[in-house]
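A short write-up of the structure that comes next.
Throughout, read-outs are computed from the coordinates displayed, never taken from laboratory work. Everything quoted here is computed from the prediction, not taken from an experiment. Cβ placement follows ideal geometry from the backbone for every residue including glycine, while neighbour counts extend to all protein chains displayed.
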Amino acid sequence: MVSLKESLGKVTIVDFWASWCGPCRKENPNVVAIYKELHSKGLNIVGVSLDKEAKAWKEAIAKDNLSWTQVSNLKFWEEPIAAQYGVQSIPATFILDASGKIVAQDLRGDELRAKILELLAK
């Protein structure tokens, strides 16, 4: 069990992805770089997988070097956390402030990094 409230940093990315999602896997190196750079400054990430096979999910985590908290109920599109966030497609990212309020959504690459830096500076 992982509590989002306990996982919050100054800024938290809730990242919905899956091992079988090409665009998700393509974005992962960028997210890894942002995490390495900004985790010590207060960034946290929680990965939520829409996988249905534990083996594929765990292999993707290892291969892509995803070192932050990862969760999955292995329920594919029936993932309850995805339903809670209204996720209709992946990758889907939600940027939360320290209180857990969603302040931005679905940013990638340089836009994601810039928004995280802006929020950490507050």
Taking segment 96-111, which residues are assigned to a loop (DSSP other than H, G, I, E, B) and either in contact (Cβ under 8 Å) with a residue 60 or more places away in the chain or among the small types (Gly, Ala, Ser) (or both)? Ala98, Ser99, Gly100, Arg108
The residue that is farthest from Gln84 (Cα to Cα), considering only those in segment 96-122 that are of a type in the set (D, E, K, R) and surrounded by 14 or more Cβ atoms within 10 Å (Cβ to Cβ), is Arg113
